[in-house]
1. Can you tell me the dipole magnitude for the stretch 63-132 around its Cα centre, using point charges on the Cβ only (Lys, Arg +1; Asp, Glu -1), in Debye to the nearest 20?
2. Show me, for the stretch 101-110, the HN-Hα J-couplings you get by feeding each phi into the Karplus relation (A = 6.51, B = -1.76, C = 1.60, θ = phi - 60°), rounded to Hz, glycine and proline as x.
3. Cut-off 10 angstrom, C-alpha nodes, Gaussian network model of the chain. Which of 63, 13, 29 fluctuates the most?
4. So, R0 is 25 Å and r is the distance between the beta-carbons of residue 64 and residue 43; what FRET efficiency does that work out to, to 0.05?
5. Using R₀ = 22 Å, calculate the FRET efficiency as 1/(1 + (r/R₀)^6) where r is the Cβ-Cβ separation of residue 123 and residue 18; round to 0.05.
6. Summing +1 for each Lys or Arg and -1 for each Asp or Glu, what net charge is found among the other residues whose Cβ lies under 14 Å from the Cβ of residue 14?
7. Which of the residue pairs 51/139; 40/63; 79/139; 51/159 have a Cα-Cα distance greater than 22 Å in the structure shown?
8. Which of the pairs 95/116; 14/148; 71/141; 20/163 have their Cα atoms more than 25 Å apart in this structure?
Amino acid sequence: MSEMKPINLRAFKKTALKNKGRFRRFLSKLEKEPPRGLEKLTVAIEKEVWKEVDCLSCANCCKTMTPTFNKADLKRISKHFGQTPEEFAKQWLKKERGGDRDWINKTEPCQFLNLKDNKCSIYAIRPADCAGFPHLPKKMKDYVHVHKQNVEYCPATYKLVEKMMTRIS
């Protein structure tokens, strides 16, 4: 699927920042008053989005965001590298400030992203947070708060919300 036109991340960022407030207000309205048929509509729009967006032409999530690493992720990935979870965490991760104090990457872009082809070097064992991103197939009502954040980083999330705005008054 990577024959799609590469995403101009600079232009995307500019557009996303310009529309962020409007998109977040729309999502807040959906959160408070979800229209009938929202989940069915979300499924249909998601299918359209993946015909237009290819993650390998973008990888903005890996370049500008960090996943959280749960205990299972730490165990699985550290084993792959022949390290203990503690050694792996010390080498690559830091504790998030405030909140849940989850483990996150020390640096961006992600150390496992190959910047030449936008592929993940640990794709088969990547963190659960990465495997689920951008969370489009999940129930919209449960993930609106996530989409509010991701709309400025992920072209797929942006397109999903943009298309929803044209179909829901």
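1. The calculation lands at about 100 debye.
2. 6, 5, 7, 9, 4, 6, 10, 10, x, 4
3. It is 29.
4. With R0 = 25 Å, the Cβ-Cβ based efficiency is 0.35.
5. E(calc), rounded to 0.05, equals 0.10.
6. Details: positive: 10, 13, 18, 20; negative: 152.
Summing Lys and Arg as +1 and Asp and Glu as -1 gives +3.
7. 40/63; 79/139
8. 95/116; 71/141
Where a number appears in this text, it was derived from the coordinates with a stated rule and is not lab data. Computed from a predicted model, the values in this text were never measured in an experiment. When we count neighbours, we look across all protein chains shown, and the Cβ atoms used for this are built from the backbone with ideal geometry, even at glycine.
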